[in-house]
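Written below as C-alpha cells is the structure these notes are about.
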Amino acid sequence: METQKLHSWNLSYSRAREVQSELACKVEFTRLKKNPKLIAGIDCAFSRDGERILAVVVVLRLPGFEVMEIVSASRKVTFPYIPGLLSFREAPVCIAAVEKLQTQPDVFMIDGQGIAHPRRLGLAAHLGLFLDQPTIGCAKSRLTGTYEEPPLEKGAYSLLKDDKRKQKTQSEIIGAVVRTRTNVKPVFVSVGHKCLLEDAIRVVLECAVKYRLPEPTRLAHQAVSKLKLKA
C-alpha cells in the first residue's frame, strides 16, 4: 500500500510541535462513505532492550473478524520519549508496516489518540494524513480533556472535551469515553482522519464483541507482543 511523505522525521522538538499544529489543520471530518468491510488494527511495542520499536498491522474482514493479512516492521528508536510527541517516535515504523500491505483496508484503527491531543494530532491523526485513509484512535487511557464517567452498560459513552477551551462550541468536543463492556473500564475514542466521531464510536462498538479492546487493536496488540518476545 502506498503512503504519502508529508515531512521528514529528523526534526527538532520545537519543529515537531510546529509540524503537529500545521498538520492538525488538514485533518478531515467527513462521514464514512460506506460501512467498512476490511478494518486494520495497528499497535506498537518496544524491544526488551528499548533499542527498537516494532509495529504490527492486522487486517480483518467483517462481520466475522476473519484475519486477512498480518504485516510487521521494526525500526531503530531515533526519537526520545516526550509526552505529546509520541507519533514522531511510533509513526515511522507503523508506516513501514502499512506499506507492506497487499490489501486495502477501509478503515484503520490505531491504539492511540486521534485529535484527543493537546495540538489535535495524536498518532491516529498523524498516521491518517500519511495514509490518506479513514483512521480512528482508540486509546486505553486519556491524554487530555475532561469527561464525566459514562454509564456502566456496554454502548454507553460520554463526551471528551477540551479542558482549556471555555466557549460552548462543537470545537470543544475532542472524543468520546466509550464503554465497550458492561462494568469494565472505558476506552478513549477520537477521530483520526476522514471520519466523524459518531462513525468512530459505532465502529469501535461493532468491533468490541467480547473484550474491552475492539478486535482490530486487540489482535494487533497480541501479535506485536509475540513479536517483542522474539526480538
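General observations
- Length gained when the stretch residue 99-residue 76 is fully extended (0.36 nm per residue, less Cα-Cα span): 6.5 nm
- Residues of region 182-225 with amide N under 20 Å of the 7 Å Cα→Cβ point at residue 34: 193-196, 199-200, 202-204, 206-207
- Normalised by the number of residues in region 70-212, the mean separation of alpha-carbon contacts (under 8 Å, six or more apart) gives a relative contact order of 21 percent.
- Backbone N within region 1-15 under 18 Å of label point (7 Å from residue 226 Cα along the Cβ vector): none
- Anisotropy class of region 24-72 from Cα gyration tensor, a/c 1.5 cut: oblate
- The value of relative contact order for region 1-152, using C-alpha pairs under 8 Å at least six residues apart, is 26 percent.
- Near residue 209, the amide H atoms lying under 5 Å from its own belong to 215; only residues 5 or more places off or on other chains count, and H is placed 1.01 Å from N.
- Candidates 55, 208, 116: whichever shows maximal mean-square fluctuation once the chain is modelled as a Gaussian network with Cα springs under 10 Å: 208
- Phi angles of region 207-216 translate, via the Karplus equation with coefficients 6.51, -1.76, 1.60 and θ = phi - 60°, into HN-Hα couplings of 8, 8, 8, 8, 10, 4, 7, x, 3, x Hz per residue; Gly and Pro are given as x.
- Exposure proxy for 76, 230, 154: other Cβ atoms within 10 Å of each Cβ, ordered fewest to most, give 230, 76, 154.
- Integer Hz, Karplus 6.51/-1.76/1.60 couplings in order for region 94-109, x for Gly and Pro: 4, 5, 4, 5, 4, 5, 8, 5, 9, 9, 10, x, 7, 9, 10, 10
- Taking 77, 59, 191, 177 and counting other C-beta atoms within 10 Å, the order from fewest to most: 77, 177, 59, 191
- Listed residues 72, 14, 47, most fluctuating in the chain (Gaussian network, C-alpha, under 10 Å): 14
- Estimated distance in nm for a label pair at residue 132 and residue 26, the labels positioned 7 Å out from Cα along Cα-to-Cβ: 1.0
- Cα gyration tensor shape for region 1-91, rounded if a/c is under 1.5, else prolate or oblate: oblate
- Computed as a quarter of the hull surface, the mean projected area of the alpha carbon convex hull for region 84-142 stands at 3.8 nm².
- Here the residues 201, 82, ranked from fewest to most Cβ neighbours within 10 Å of their Cβ, fall in the order 82, 201.
- Gyration tensor (alpha-carbon) shape descriptor, region 124-164, a/c threshold 1.5: oblate
- Each listed q (0.14, 0.17 Å⁻¹) maps to a log10 I(q)/I(0) for the chain from the Debye sum over equal C-alpha point scatterers, namely -0.83, -1.25.
- Result for the chain in a Gaussian network model with C-alpha springs under 10 Å: among 155, 192, 122, the largest mean-square fluctuation is at 155.
Read the figures in this text as sums done on the coordinates, not as results from a lab. As the structure is a computational prediction, the values presented were derived from the model and not from experiment. Positions of Cβ are generated from backbone atoms using ideal geometry, with glycine treated the same way; all protein chains shown enter the neighbour counts.
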